[in-house]
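Derivation of every value follows stated rules applied to the coordinates shown; laboratory data play no part. Remember, predicted model here, so these are calculated numbers, not experimental data. Ideal geometry is used to build each Cβ from the backbone, glycine not excepted, and the neighbour counts take in all protein chains shown.
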Amino acid sequence: MTRVADEENRVRLTAWVHGRVQGVGFRWWTRSRALELGLVGSAANLADGRVEVIAEGPELHCERLLAALRGSSSPGSVDHVVDRWSAARGGLHGFVER
């Protein structure tokens, strides 16, 4: 698949970020990265201490967000990220913190 095709292929990334990621600005940081990439979706704290990230947009851009989530420049401390890919569903507007 070519890079142009990747950018046109819209997908949904759902990622569960494990580690010390609540109360450290992680959702705000994620929102900023997602908006820079032109993605829509949300970042939400879960009761068990994880952050759930849902992002839709071009596949290449979602891959870049996932790489950022796994990278070392995020606030807090990420132990690992579990990801799930699916077809874009639509209906999302902007990128919100929940």
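Do the conditions hold for Glu36, that is, is it out of contact with any helix residue (DSSP H, G or I) (no Cβ under 6 Å at 6 or more places or on another chain) and among the acidic types (Asp, Glu)? Criteria met by Glu36.
So which residues in the stretch 69-90 are among the small types (Gly, Ala, Ser), buried (at least 18 other Cβ atoms within 10 Å of the Cβ) and out of contact with any Asp or Glu (no Cβ under 8 Å at 6 or more places or on another chain)? If the condition is that a residue be among the small types (Gly, Ala, Ser), buried (at least 18 other Cβ atoms within 10 Å of the Cβ) and out of contact with any Asp or Glu (no Cβ under 8 Å at 6 or more places or on another chain), then Ser74 is the only one that fits.
I'd like the residue in the stretch 24-45 that is closer than 14 Å to Cys62 by Cβ and not small (Gly, Ala, Ser) and, out of all such residues, is surrounded by the most Cβ atoms within 10 Å (Cβ to Cβ). Here the answer is Thr30.
Residues of the stretch 45-60 being in contact (Cβ under 8 Å) with a residue 24 or more places away in the chain and either more than 19 Å from Val11 (Cβ to Cβ) or under 10 Å from the mean Cα position of the chain (by Cα) (or both), which ones?
Asn45, Leu46, Gly49, Arg50, Val51, Glu52, Val53, Ile54, Ala55, Glu56, listed by residue number.
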